[in-house]
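This report refers to the structure that appears directly beneath it.
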Amino acid sequence: MGENIRLAFHSIWVHKMRSALTMLGIIIGIASIIAIVSTIKGTNEQIKENLIGAGNNVITVELCQDGSPVDMSYSQLPAGISEVSDRTYRELACVPKVENLSLYTMRQYIYDAVYYKNTTFNGGTIIGADSDYLDVYQYQVSSGRPFLEDDYKKYHKVALLDQAAASTLFANEDPIGKTIDIKKEPFTVIGVIVPSKSSAPAINSYQDYYMYMDQTSGTILIPNVVWPIPFQYDEPQNVALRASSTDDMTNIGQKASDILNSGLSVDAASDSGSSFSYESKDIMESAQQLQELSESSNKQLIWIASISLLVGAIGVMNIMLVSVTERTREIGLKKALGAKPSVILSQFLTEAAVLACIGGIIGVAGGIIMAKIISLLTGTPTAISIPAIFIAVALSALIGIISGVFPAVKAAKLNPIDALRRE
């Protein structure tokens, strides 16, 4: 095999221009495919990053009534549905690829938060957060302090505001230390929070997405232990789980939903007979739909680029036939000295494979450069796919072998006497 490879490189070097033109079809085809695949992967990663809020990787699981999230702002407390138990919490924490999780309650489109009775928190969101909420959603405190252990142990009526809520309620004032009324209960503002990974609002669920798209008043966080003070009773909890990567989000959401639903009563229902169940609000589903739409059009481009590979395969076959004709006397001499047909066959197959592999490697390099140029000129994100590179090189070798079969068989079947007589 080593000798065959050496002879292949020698033949390619002797006929440099001819070999370069032969490889051109493979180079163009592989380069085009690598560039397209890189663009697809980059676009998909950008879609996922945009939808999940700068890589927070958070899945929310909410209690739903007939498929729609239960909004306690307008719904009655569901009968027979208790808070998440410690046992269920431990099961959720043991789901593979879950880095952290948080239990929280939420009210949307609240109009009952007021500062000095003249600035109303119109249409914002109030969340009863546990001690892990800020870590799960990867918020950091830009001013003031976060919730402390004492706030939960001693039932302190304190609140954190996001930047939108701080601007809505306090305009140009410093909110730290000020008092806001939530359902006529006073809460002291102790801090302002911001997403740690992006200057843009963190979009961690469908609710966050629509909230920011509608430009509502922002979000207020209070400790979950004091939630019953303004809202009078405990409410069903939502679960937020942070996955180790975006690729694990859908699977984690499904497993978490199954665990939570296994703890529900079979006949948990409202007075109207509607059924309740926990469902994951995984925005990766939306990302996947956009990805599929992107890929469907780009796959057509891949098929078009593959035509170049077919042209390249024809070129390899053609040049190998020429090579067999040129080296007829060489083949006849080798066979006269005892070379078996399998030796001749492997020699020409190796030469065809090496020729195509060199074209494939050059094509990969050209594809990476092309992807970078496309990204610079159009602003389209690209991400180089390592598996695609290996597949491209292997594909080019396969093309060379398939294209070289007919010329190699022709060479192996030559009669040594006739070959030696060939001028």
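Backbone amide hydrogens, once placed in the peptide plane, bring I81 within less than 5 Å of nothing, excluding anything fewer than 5 places away on its chain. Here the stretch 140-193 exposes an accessible surface that is 47 percent carbon and sulfur, computed with a 1.4 Å probe and the other protein chains kept in place.
Holding the Cα-Cα limit at 26 Å, pick out from K97/K154; K16/K41; K153/K183; K16/K413; K153/K255; K16/K340 the pairs that are longer than that. Listed pairs above 26 Å: K97/K154; K16/K41; K16/K413; K153/K255; K16/K340.
Remark: the stretch 185-193, residue by residue, has Karplus-estimated 3J(HN,Hα) of 10, x, 10, 8, 6, 10, x, 10, 10 Hz, where x stands for each Gly or Pro and the curve is 6.51 cos²θ - 1.76 cosθ + 1.60 at θ = phi - 60°. Take the Cα radius of gyration of the stretch 115-170 and divide it by 2.2 N^0.38 Å, N being the number of residues; the result is 1.23.
Counted residue by residue at 0.36 nm each, then reduced by the alpha carbon distance between them, the extension gain from E83 to Q254 reaches 59.6 nm.
Between S143 and A383, the simple spin-label model (points 7 angstrom out along Cα→Cβ) gives 3.7 nm.
The values are calculated or read from the model by the stated rules, or taken from the named source; none is laboratory data. Just so it is clear, the model here is predicted, and its values are computed rather than measured. Neighbour counts run over all protein chains shown; Cβ positions are idealised from the backbone, glycine included. We work out accessible area using only protein heavy atoms, side chains counted, and drop any ligands, DNA or RNA first. Shrake-Rupley method; radii C 1.70, N 1.55, O 1.52, S 1.80 Å.
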